[in-house]
Structure formats: structure tokens, C-alpha cells
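**Student:** Take this structure first; my questions come after.
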Amino acid sequence: MADKRKLYRELAVEPDATPAEIDKAYRQRARTAHPDAGGTAEAFHALSHAYAILSDPDRRKAYDETGFEGELTDDIVSRAMERIHALVASVLESDLPFETVDLIAPIRDTLTKQKADIGAGIRKLERQAKRAEAMAARFRKRDNIIRKVLERRAADTREQAEKTRREEAIFAKAIELLADYSFDFEPPPPPKTAEPIKASEPARPAPAAKPAEPIRPVPTATKPGEPVKHAEAAAKPAKPGPRTLNLVR
């Protein structure tokens, strides 16, 4: 993982130091670090390098976010805009209804995720370099070819990590540039809510049924002069008479 405090330690200031504190620290340390004052060229170069980055607001911001110590040239700005243009073009070529979406948010989220993926790749490279150096130190031999190969590999891996860190700085710059933009859009109308169902009136009770009238027996026909017999009486079977035989001559 990139040491994002190294330059601050070089100037003997805290990461939240103000520009005035950084200027003051540089002047004080330059008096002893300069070769003419008893220092070394290497020490003065390291001090000047730290001051050049931390005294520049843009370079300091990139260093704090990614650990990138290189120059933030116009090339980085143009490449950062290329990353933004590529995402805008991808939206243009899709079917996304951009009229109802704030495009700034998804573009920013995509750039942030890509930057995070690059940072993870840098940390992996740094771990590999550290492992190679630790392994190289364990090989013992007068003419230690294996150690030299591993040390060379560690150096190449660290160089690759530094180049990748520059790419991380490009995405950080793209996110910074995007913050100056806004996007006009029409939020979709809220969904219509269903009208509340009115409570139905309680059903009126049905009127009570009238009790059925008793069925009166129907009178049966009689011969003239006989009293009317009711159906109950008529329904009674007649008593059987004496049985007779029909004789055929």
C-alpha cells in the first residue's frame, strides 16, 4: 500500500498542515539539507520533491488520495476527460432513458468503482514486490543469482505499481472534473395511488316472513241431498264388501 505520509515526514509536518506551515517547514529544513550547508544532494532533492508536491494544491490532493508523486500535466487532465467521455458515449449508445435520470450520479459511481479496482491492483503489486524482496533475502550464496533475479522482479513490480498509480490519479482527476458539472433531467411522475375503497352500507335486514296459514281441507263432491264431506273423510278407504264370483255361462 502506498505510503501517503512519506512526504509529510520529509518536511516534518502533519498531513493536515496548512500551506503556511509547509512553507515554513521547507525553509527551515532547507538550511541544513542543502549541500552548501553540510547536507547532501540526495537529502536536498528529497526535500525539494516533497515541497514541490505538497505546496501545489492539485498535486497534494492527488498524493493524498492515491500516493501519486508525479507531475499532474495537461496529459492527465485530457486523459481524465477521455474517461468521462467514454462513459457518456456508453450511455448515448444504450437505451437508458437519460431524460429522467441524473447522469452525473451513475458516471461518478462508475469512475469511483474503477478507481477502487485500480487501487486494489496497486496493493496487490506492492504485496508481490514485498514478498519477492523477503524471499530474496533468504537465499544464501556467494554469487547469489536467485537473489538478484528476485530483487530485479521486485523492482519491476514496484515500477509497474507506480505506473498504475498514475492511472489511479487519472480517475481521481476525472471524479474531480465531473464535480463541476450538473445534468438537467425530469424526474418521472410519482405512481398514481389507488382511490380508497368506500365502506359499503350495511345490508338492511329482510322483512320477517308471515306465518303460513293452515291448509284447510278441500270439500269433496257428494250426491244431492248428502252433507259435504271433507277431504280427510273422503281420503279414508272404503270398507271392503263381500267378494263375488263372475260366472260365465
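The values are calculated or read from the model by the stated rules, or taken from the named source; none is laboratory data. Small disclaimer: the values here were computed from a predicted structure and weren't measured. Backbone-built Cβ (ideal geometry, glycine too); neighbour counts: all protein chains shown.
**Student:** Checking A154 against (1) surrounded by 14 or more Cβ atoms within 10 Å (Cβ to Cβ); (2) of a type in the set (A, V, I, L, M, F, W, C); (3) not in a helix (DSSP H, G or I), only one condition comes out false. Which one?
**Tutor:** For A154, the failing item is (3).
**Student:** Tell me which of these D156 doesn't satisfy, since it passes every other one: (1) more than 22 Å from the chain's Cα centre (by Cα); (2) in contact (Cβ under 8 Å) with a residue 24 or more places away in the chain.
**Tutor:** (2)
**Student:** Determine which single condition H85 fails, assuming it passes every other condition in (1) assigned to a helix (DSSP H, G or I); (2) farther than 30 Å from P188 by Cβ.
**Tutor:** Tallying (1) assigned to a helix (DSSP H, G or I); (2) farther than 30 Å from P188 by Cβ, H85 fails exactly one: (2).
**Student:** Before we move on, is E99 in a helix (DSSP H, G or I), outside the structural domain of L178 (by TED's automatic domain parsing) and in contact (Cβ under 8 Å) with a residue 60 or more places away in the chain?
**Tutor:** So E99 fails the test.
**Student:** For the condition exposed (fewer than 14 other Cβ atoms within 10 Å of the Cβ) and not assigned by TED's automatic domain parsing to the domain that holds A179, what is the one hit in H45, H85?
**Tutor:** H45
**Student:** Now, a different point. Confirm whether A136 is touching a residue at least 24 places away in the same chain (Cβ under 8 Å) and over 25 Å from the mean Cα position of the chain (by Cα).
**Tutor:** Criteria not met by A136.
**Student:** Sticking with this one: Considering the stretch 1-46 alone, what residues qualify as being assigned to a helix (DSSP H, G or I), in contact (Cβ under 8 Å) with a residue 12 or more places away in the chain and of a type in the set (A, V, I, L, M)?
**Tutor:** L7, L11, I22, A25, A30, A33, A46
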